[in-house]
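Below is one structure; the comments refer to it alone.
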Ligand code: AGP
């Protein structure tokens, strides 16, 4: 969702914020803006469009001063307009704020503030907070604590005021916020990416915690109790280099090509943490995966893996739907939360509800220190470095790897799992150049198509879902992934002459039935693209897979599908890393 980034230091804040904001742009790119405090005045520059466009029009980086905050927006309340862009200010133009999250009682607050004579300029829920702060006397942190008591919803907020020009206040309630401690500046941001090039020392705020930042100093308090909180920085594992494109035209292609290494890195799990994770599964009668989007597709593969290898059954829930079932959790329930960002609101809400009923939580996340990571009884990390492109690729394969590692450990077959995964990583590295070429050519023949179907059975079915999701989200081609056997129960009616059908069809236990479903589409005119370790005369086009053990096909078959989506999106001229309407980290429900 939205990204927020602020700095309190001694150097001009504008250029620091502009560079940092670009690293947060993956969280939202409808509009952006910066506000600084200098010489007793607020300086606000903002507008709609991507950061480079707004910088060109408004000179964001030229704001004066060394204390400033910034925002990259993913619209929730109010359309994409200059007026709705953050930062927002109070009536007197003394306070500026940026916000990530949603204010649930905004209508009530709006009525009240309106009656009190506040002039509300935008349609956002955020602006109300600036006016609410104006209502309270005292220091900026006192105002913030009082305002927080009136706001319902999820929010991470940064505020500055001309009355205290050397101070910034940062408050977290259910939306992520982290403080970076640099040698010559202190930062506050939605995640660590914007300050990674300045410092590796970070302090993650918990709900209802507020940081009061002045040059060279930061203190923490709980806004509910107004008591101070002692917090220590932790050293981040990620580096600024990992967060760059390294010469690739897009983050997505860089991240796709990184996957052979990502597979190797994800295999390396701390043995104690792994054992704790596995014990939680062993000791729970009711295991539920909770995840969204791509992470849910990985969970579907994980369910197969733990069932086939260790005979353990589990359910997989779409996180936004899980909250309606979470109340049925008991102390015998284990929630396995799978999330790249570790901040997905739907997952967090579900796991918190389940925890309230006594459930345990085990999580698999990429962002160490994220809310889901911190709120889990056991947590494993993807170890795949920062994933920037909105379309998730290397995090998906890393999630599969961690789930395979868990399933093998659960079955007491860790050595077998490690050997198979190493082989898969080697195959992936060998075939990547060939897949890149084949899928580029295939995508070129697709630019005219508006509908594509992905079919698979058993452990390959989640890959059909993932292939379709990747294609949809960046190429805007409508795609459906489905169990191959389900097609004839309705969707087959949509198959016409030349409709592309991608058949996930390795020579495993699903091969014969899947091929027969593919042939049924071909008989209705479909153009059949076989993704398999063996070619077949039924295929009009063929994407080769290496031969691997049955359970591991998802790990290799998803790679060419990611490339297919990438090339289709590039050929259709889309902004691959920043697909329309989407954001990387979905911190609202
Ligand atoms: C994947 O390409 C998507 N952008 C999206 O489905 C994503 O996987 C989902 O929002 C879950 O995010 P998380 O893994 O950070 O929880």
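List of remarks:
- Filter pass, residue 176 being assigned to a loop (DSSP other than H, G, I, E, B) and under 30 Å from residue 346 (Cα atoms): yes
- Single match in 134, 141, 163 (criterion: part of a loop (DSSP other than H, G, I, E, B) and over 26 Å from the mean Cα position of the chain (by Cα)): 163
- Residue match in region 547-557 (condition: modelled with pLDDT of 95 or more, in contact with a strand residue (DSSP E or B) (Cβ under 6 Å, 6 or more places away or on another chain) and closer than 30 Å to residue 262 by Cα): yes
- Meets criteria (closer than 21 Å to residue 163 by Cβ, part of a loop (DSSP other than H, G, I, E, B), in contact with a helix residue (DSSP H, G or I) (Cβ under 8 Å, 6 or more places away or on another chain) and in contact (Cβ under 8 Å) with a residue 24 or more places away in the chain) for residue 96: no
- Within region 117-131, tally of residues that are part of a loop (DSSP other than H, G, I, E, B) and closer than 16 Å to residue 153 by Cα: 2
- With respect to being within 16 Å of the ligand (Cβ to nearest atom), touching a residue at least 12 places away in the same chain (Cβ under 8 Å) and assigned by TED's automatic domain parsing to the domain that holds residue 473, residue 555 falls outside the description.
- Sole exception among (1) farther than 19 Å from residue 414 by Cβ; (2) surrounded by 22 or more Cβ atoms within 10 Å (Cβ to Cβ) for residue 305, by number: (1)
- Only one of the listed residues (575, 533, 513, 508) is closer than 18 Å to residue 486 by Cα, in contact with a helix residue (DSSP H, G or I) (Cβ under 9 Å, 6 or more places away or on another chain) and surrounded by fewer than 24 Cβ atoms within 10 Å (Cβ to Cβ). That residue is 513.
- Screening region 316-340 for residues that are under 22 Å from residue 100 (Cα atoms) and buried (at least 24 other Cβ atoms within 10 Å of the Cβ) and picking the one that is farthest from the chain's Cα centre (by Cα) gives 319.
Residue-wise test of (1) modelled with pLDDT of 95 or more; (2) more than 16 Å from the ligand (Cβ to nearest atom); (3) assigned by TED's automatic domain parsing to the domain that holds residue 450; (4) over 29 Å from the mean Cα position of the chain (by Cα).
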| position | (1), (2), (3), (4) |
| --- | --- |
| 487 | no, yes, yes, yes |
| 521 | yes, yes, yes, yes |
| 527 | yes, yes, yes, yes |
| 540 | yes, yes, yes, yes |
| 578 | no, no, no, no |
| 586 | no, no, no, no |
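- Single match in 280, 257 (criterion: at pLDDT 95 or above and within 15 Å of residue 396 (Cβ to Cβ)): 257
- Among (1) away from the ligand (no atom under 15 Å from the Cβ); (2) in contact with a strand residue (DSSP E or B) (Cβ under 9 Å, 6 or more places away or on another chain), the one test that residue 322 misses: (1)
- The set of residues in region 258-278 being crowded, with 16+ Cβ neighbours inside 10 Å and more than 16 Å from the ligand (Cβ to nearest atom) consists of 260, 263, 264, 265, 267, 269, 274, 277, 278.
- Qualifying positions in region 1-30 - in contact with a helix residue (DSSP H, G or I) (Cβ under 7 Å, 6 or more places away or on another chain) and outside any helix (DSSP H, G or I): 1, 2, 3, 5, 7
The values are calculated or read from the model by the stated rules, or taken from the named source; none is laboratory data. Values in this document were obtained by computation on a predicted structure and should not be read as measured data. Note that each Cβ is placed from the backbone with ideal geometry, even for glycine, and that neighbours are counted across all protein chains shown.
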